[in-house]
There are 2 protein chains.
Amino acid sequence: MGPPFMFSALSPSIATVARILHQQMGERVTTNESIREQHSHGEGWKRASLPALVVFAEGTEDVALVLRTCHEHGVAVVAFGGGTSVEGHVTPATDAISLDLSRMTRVLAVNADDLDCRVEAGVTRQSLNAHLRDMGMFFPVDPGGEATFGGMCATRASGTAAVRYGTMRENVLGLRVVMADGRIVDTGGRVRKSSTGYDLTGLFIGSEGTLGIITEIQLRLHGIPETIAAATCQFEDLADAVRTAVSTIQVGVPIGRIELLDDAQMEACIAYSKLEDYRPITTLFFEFQGSPEAVREQVEMVEAIAADNNGLGFIWSTSQEERTRLWKARHSAYWAALAAYPGRNGIATDAIVPISALTELITGVKADIEASGLPAPIVGHVGDGNFHTIIMVPPEPDGYERAMELDRRIVRRALALNGSCSGEHGIGSGKMEFMAAEHGENALEVMRAIKKALDPQNILNPGKLLPPAPDATAA
Amino acid sequence: MGPPFMFSALSPSIATVARILHQQMGERVTTNESIREQHSHGEGWKRASLPALVVFAEGTEDVALVLRTCHEHGVAVVAFGGGTSVEGHVTPATDAISLDLSRMTRVLAVNADDLDCRVEAGVTRQSLNAHLRDMGMFFPVDPGGEATFGGMCATRASGTAAVRYGTMRENVLGLRVVMADGRIVDTGGRVRKSSTGYDLTGLFIGSEGTLGIITEIQLRLHGIPETIAAATCQFEDLADAVRTAVSTIQVGVPIGRIELLDDAQMEACIAYSKLEDYRPITTLFFEFQGSPEAVREQVEMVEAIAADNNGLGFIWSTSQEERTRLWKARHSAYWAALAAYPGRNGIATDAIVPISALTELITGVKADIEASGLPAPIVGHVGDGNFHTIIMVPPEPDGYERAMELDRRIVRRALALNGSCSGEHGIGSGKMEFMAAEHGENALEVMRAIKKALDPQNILNPGKLLPPAPDATAA
């Protein structure tokens, strides 16, 4: 695991912590440059910064040891899992430790009779679903990439199946969390509902490693539906496609997934995922689930809605192969967009609005994109009112600022329509500037009071999620 | 509104607050004895204690004024809505103000296109559903009694439809909350999901008025299903009925409701609700929802499961009249039980376990009941793993203690099976003794830290939900 451990380059308090941890954890504590580089950033294009130290935890007790030690010496810690964050969540503060939980990959229990299971924070949804497949169950929340459950909880992740199954908020029963001072706390449990005290599980979900570090998760599971059908429908007009999605939700079709890819995104996907039988125009991808009769009913309803909105023919199939091909293409959308513009970075927006405002938002955003002159494919979870614009950052010196200006314009549009700046990616460092406009200072003050109560030294992922108070003059 | 306002009987700090509020709110601030008596207790049989003062709020600004004033003078406040709590939530601390929100009954907005609405805290689910009926929508969470939405949020209420629609946790999008010092905070919003900061909405839901007072609620709504069918099935054996419910959930039938009434409860309901065509044996009440085909499919599946478990014939009907009759009988179960034992008080237990442990729990509880010699009908939301035992308190001097001993035995059984002491009634003062056993001291310390951060003077419903720290020697 790289060269011998280097104390000499560290600042005093980190060096002390490093010595203590190195003594107890050996080579799982490292200053290796390339490992530090790996832990300096997520997938999004946000400024990277190297951790002073990377520590690999193999269980809750390791995490508790690290936090106890860091708490005593005032050293900052950021948790690292799959490294798939797009908002800078995992980028360490100066002189911080990156605490890597990706080796915590045990599935601790599966309770088929209760449709629940318990996993360590480093398990990915892909590996859990492989583990569960023969038992007829699955876990539905599917953010892009090989995200770990720890990170999915910390960012309140969702994905293409949230329209039917909800987000991490709705699919976690309980957590094991290590607090800033190293205390281990169990929240929630295994029951489906409970009215016994503050919802700590809900508080830690979406807290982005700023209130505690999640080490174990009790997850809800779901039975694999009897029948699953995939379908697509293409549209000449973007607004017609959005209206089809909106009506599908409004009439109450219990749709499995409903995703929109605009013309630019389809062009990228056709090239990247070899969807030669498609035209580069706006397309809806659907998934229907249930008994064969229920699926047929749903398909008929949505087909009629699409026809009413000038859909160019509704193609559906129950073949596993076709479904896999389509959803793989959908999950590769971000990579397809990057591949279509070689050498450019992408900034993914994540606006969400109440469904009735979605047509107005998307058509407005499309006009903003055209006015900006920047390529920016649109892809998203339109059944939730949520979509991403993958803004391709031009290579010019002012490219980043131009891309960010488009991002801000999209957020402002969403907020003006009672929306939110992030449906699922989280705040990290990338969306902090919108927190006050979205929540108001009074709500942020409540969040700050909670943060201060649970992490008085501000060692847990400092500089993320909560912007400083307006009158704060020092950190 | 009763006799003139009496300052003389009040202790100094309350008298100061009373003078300030009386000046601004006039006769909406009262010391009237019978009004104070009304505000001294909920529906459950918990020790009552009179508030020093009752204040009627007519809007968020009133609540803010009251809290600002009480914060300044260190006076305790407990919110009062429908007064339907069964765990002593609304019973005031000594020298406290009961802040009545039941006049805040405006439906502020209904957004049919987004299936959401905004209500003031004093609106009841019955009045909201009457308001919505012609729009083809409804709100599904249905605790017993005429509960208000403020109280339903504060106790994280559920009811018979939670098995399909979830609890208040899953059906609230956002809140307006007045904090201890009178600041007004908006949490959440109107979007279906968001990853922007701590889940304050979730934190206030279930916080029982100890962190803030909820004044407005943004609710999710649902479309009224195309077809609704009611069904019942009777069983000679309690365990067979529970197994039928458990299998129904385990095979994934999207059941609308599934409620169990044991022999004692059925006997009471037959008398109270004139269900003469039923025998006084264990009975399951079902509701099926969906398209006509979906309902037929579901009925067939559940009928087969019931037959496998010695069900004595499955009777179903789509008639509105029959449904209303059955569910009215179900909702009257608590009153039916009280009526069956005239002159006795009832203590309602609220245990919940993972569904796989439900048969073991209920059969164990039934044995405990028989051993106790106390009448205690069982009724509950078996699809959630949750049920109530209505323990009839005998009139003897040790009657209350005997009833509580049975209650404790039931809770201990549930906790031993990875359960919780309350599925939906909450902690209040009645279940505080179980908090440490259920959550562990570390989790309680986190809850106490949050309470202290948001209500440093402990003026919000003191003495509820959180037991004092084990080493606390003074309040």
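Please return the longest range in chain B lying between exposed loop sites, taking trypsin sites (Lys or Arg not before Pro), DSSP loop only, at most 11 other beta-carbon atoms within 10 Å, and leaving the sites out.
B:48-273
Between B:E58 and A:R47, with labels modelled 7 Å along Cα→Cβ, what's the label distance in nm to one decimal, could you check?
5.4
Mind checking B:203-212 for the average number of partner chain beta-carbons within 10 Å of each residue's beta-carbon?
For peptide B:203-212, the averaged partner shielding equals 3.
May I ask for the equivalent-ellipsoid semi-axes of the stretch B:225-336, computed as the square root of five times each C-alpha gyration tensor eigenvalue and listed largest first in whole Å?
In descending order the semi-axes read 21, 17, 11 Å.
What is the Cα coordinate range of the stretch B:42-173 on the first, second and third principal axes, sorted by size from largest, in whole angstrom?
47, 33, 21
Sticking with the crude label model, points 7 Å out along Cα→Cβ, report the distance from A:D471 to B:I228 in nm, one decimal please.
Simple spin-label model gives 5.3 nm for this pair.
Run through the other copies and list how far each one's label point is from that of B:G136, in nm with one decimal, shortest first; the point sits 7 Å from Cα along Cα-Cβ.
Reported distances to equivalent positions: 3.6 nm.
Let me have the 222 nm mean residue ellipticity of chain A computed from DSSP H runs of 4+ only, each contributing -39500 (n - 2.57), with the sum over all residues rounded to the nearest 500.
About -11000 deg cm²/dmol.
Given +1 on the Cβ of Lys and Arg, -1 on the Cβ of Asp and Glu, and no further charges, what dipole in debye does the protein assembly as shown carry about its Cα centre, rounded to the nearest 20?
1440
Working out 0.36 nm times the residue gap between B:E276 and B:R103, then minus their Cα-Cα distance, what length gain in nm do you get to one decimal?
58.3 nm is the gain from fully extending B:E276 to B:R103.
In percent, how large is the relative contact order of chain A, given Cα pairs closer than 8 Å and 6 or more residues apart?
Taking the mean separation of contacting Cα pairs over the length of chain A, I get 15 percent.
Report relative contact order for the stretch A:107-223 in percent, whole number only (criteria: Cα-Cα under 8 Å, sequence separation at least 6).
Relative CO of the stretch A:107-223 lands at 32 percent.
Could you derive backbone 3J(HN,Hα) for the stretch B:71-88 from the dihedral phi with the Karplus parameters 6.51, -1.76 and 1.60 (θ = phi - 60°), listing whole Hz in sequence and x where the residue is Gly or Pro?
Result, ordered by residue: 4, 5, 10, x, 9, 7, 9, 10, 6, 9, x, x, x, 9, 4, 10, 10, x Hz.
How shielded is B:379-392 by partner chains, expressed as the average number of their Cβ atoms within 10 Å of its Cβ atoms? If you can, show how the numbers build up before the last one.
Working: counts 0, 0, 2, 0, 1, 3, 5, 5, 0, 0, 0, 0, 0, 0.
Partner-chain Cβ atoms within 10 Å, mean over residues of B:379-392: 1.
Put +1 on the Cβ of every Lys and Arg and -1 on every Asp and Glu Cβ in chain B; which of B:H22, B:T210, B:M447 then has its Cα farthest towards the positive end of the dipole?
B:H22
Where the centroid of each part is defined by its Cα atoms, how far is the stretch B:450-465 from the stretch A:204-219 in Å?
24
How many percent of DSSP beta bridges within the stretch B:341-471 run antiparallel, rounded to 5? Can you show the working numbers first?
Values: 8 of 9 bridges.
Antiparallel: roughly 90 percent of the beta bridges in the stretch B:341-471.
Just going by the charge dipole of the stretch B:225-336, with Lys and Arg at +1 and Asp and Glu at -1 on Cβ, which of B:P254, B:L238, B:L275 is farthest out on the positive end?
B:L275
Calculate the mean, over all residues of peptide B:155-162, of how many other protein chain Cβ atoms lie within 10 angstrom of the residue's Cβ.
Counting other chains' Cβ atoms within 10 Å and averaging over B:155-162 gives 2.
Post the alpha-carbon centroid distance, the stretch A:365-416 to the stretch B:393-416, in whole angstrom.
62
Where a ≥ b ≥ c are the square roots of the eigenvalues of the C-alpha gyration tensor, would you call the stretch B:341-458 rounded, which needs a/c under 1.5, or, failing that, prolate if a/b is larger than b/c, or oblate? Don't skip to the end; give the middle numbers.
Working: a/c = 2.34, a/b = 1.46, b/c = 1.61.
Oblate, because a/c is 1.5 or more while a/b does not exceed b/c.
Using alpha carbon centroids, what distance separates the stretch A:225-293 and the stretch B:310-352, in Å?
Cα centres, the stretch A:225-293 to the stretch B:310-352: 45 Å.
Once you place label points 7 Å from the Cα toward the Cβ at B:A239 and A:T16, how far apart are they in nm?
Result for the modelled spin labels: 6.2 nm.
So in chain A, what percent of DSSP beta bridges are antiparallel if you round to the nearest 5? Mind showing how you got there, number by number?
On the way: 51 of 61 bridges.
Here the antiparallel bridges make up roughly 85 percent for chain A.
Quick note: the coordinates plus some simple rules give every number you see, no bench work behind them. From a predicted model like this one, the values you see are computed outputs, not experimental measurements. Note that we place each Cβ from the backbone using ideal geometry, even for glycine, and neighbour counts take in every protein chain shown.
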